[in-house]
Amino acid sequence: MISKALKPNLLIAITLLIALSLTLPAILYAYNITSISDIQANPSKYYNTAVILSGQVTESQAQPAGTKRGTYSIVDESEQSIRIKTKNLPAVGEIVTLKGIVMSDTEGVLIKEIKRPPSIVPPIVWGLIGLGIVLIILAVILVIILLKPHKPLKEEIIFEKTCSTCGNPLKEEWVICPKCAAPIGKEKAPTVKLERPVKEEPATLLLSTARLIVDSGPLKGKIFYLDKNKIRFGRGTQGNDISMDGDPAISQEHFLIRSRDNEYYIADRGSANGTIVNDKLITGETLLKNNDKILVGDTTLIFKKRE
């Protein structure tokens, strides 16, 4: 039992931990921003690697025209520009912070955008705003605790048996039923054990040692069980073992997973947007490890394996 004196200190510690967990990722995000000049000076160092960029949009080109897809260019503090491929073009003049994979095409270095927050506010500012909100909530909670009068806890009555005459719940030490005044014997009513119904799991869940959990995207919440030696993923059922129709950015034949000796390997099937594992574009068969993050189209999958 936590004493009343320790409760405010425990609440403060928990709130500070929550504030730290909210702000630390934003601060680290801000300090991990890569300079465009570094990428342009040594592009081979960054190829197929995830980077964070921040800058002002100088031009935007829809491909095809009239859509939100296409490329845009940004300029950062180094006064150098870089092209970015996206599915949601920003406005010219907008300040953006984004995460993407360094690639190349016929025109030079190209960034394939993975994530772009819909805001011009730097991540570190969002972190400080979140910290301020948490501290305000903490202050309100502390004021409520200090001003709220202490009420004595009511005695919890545990009924261990019932009256054999009227069925009224009874305490062990009672000798007369308060409802019908019948004398109470020493025998106890039989204990009834309530059991929670057991949810039957599908056979695939029991047989499979691994699965893909959809963490974000149009198919969020789905689970794909890896219950075959070779499973093909893509849009539609033709040529695929598992259909991912809900995501239009996934190719007809996108990727496959093979299992050998209780290990699982992923490979791209020549998809249009590629297959990204842990922020790196794979070019061949790649070994999957527990909790690996897989990005296909607009869908993020988490690989889970039973140890």
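Data overview
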| read-out | value |
| --- | --- |
| Conditions (1) crowded, with 17+ Cβ neighbours inside 10 Å; (2) over 22 Å from P248 (Cβ atoms); (3) touching a residue at least 40 places away in the same chain (Cβ under 8 Å); number of the one not met by I74 | (3) |
| Residues located in the range 289-305, provided they are in contact (Cβ under 8 Å) with a residue 40 or more places away in the chain and over 19 Å from I52 (Cβ atoms) | I294, V296, G297, D298, T299, L301, I302, F303, K304, K305 |
| Flag if E156 is at pLDDT below 65 and surrounded by fewer than 14 Cβ atoms within 10 Å (Cβ to Cβ) | yes |
| Residue count for the range 80-90, restricted to those that are outside any strand (DSSP E or B) and either within 11 Å of Q56 (Cβ to Cβ) or in contact with a Lys or Arg (Cβ under 7 Å, 6 or more places away or on another chain) (or both) | 4 |
| Residue identified as closer than 14 Å to I33 by Cβ and either buried (at least 16 other Cβ atoms within 10 Å of the Cβ) or at pLDDT below 95 (or both) among T67, T106, T86, T97 | T97 |
| Those residues of the range 215-239 which are buried (at least 18 other Cβ atoms within 10 Å of the Cβ) and either among the polar types (S, T, N, Q) or in contact (Cβ under 8 Å) with a residue 40 or more places away in the chain (or both), in sequence order | G217, L219, F224, F233 |
| Only one of G236, G246, G217, G274 that is modelled with pLDDT under 90 and closer than 23 Å to I114 by Cβ | G246 |
| Flag for V57 being in contact with an Asp or Glu (Cβ under 7 Å, 6 or more places away or on another chain), surrounded by 11 or more Cβ atoms within 10 Å (Cβ to Cβ), modelled with pLDDT of 90 or more and farther than 30 Å from N278 by Cβ | no |
| Residue among I176, I184, I231 that alone is at pLDDT 90 or above, of a type in the set (A, V, I, L, M, F, W, C) and in contact with a strand residue (DSSP E or B) (Cβ under 8 Å, 6 or more places away or on another chain) | I231 |
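The values are calculated or read from the model by the stated rules, or taken from the named source; none is laboratory data. Predicted model, so just to flag it, every value in this text is computed and none were measured. Ideal geometry is used to build each Cβ from the backbone, glycine not excepted, and the neighbour counts take in all protein chains shown.
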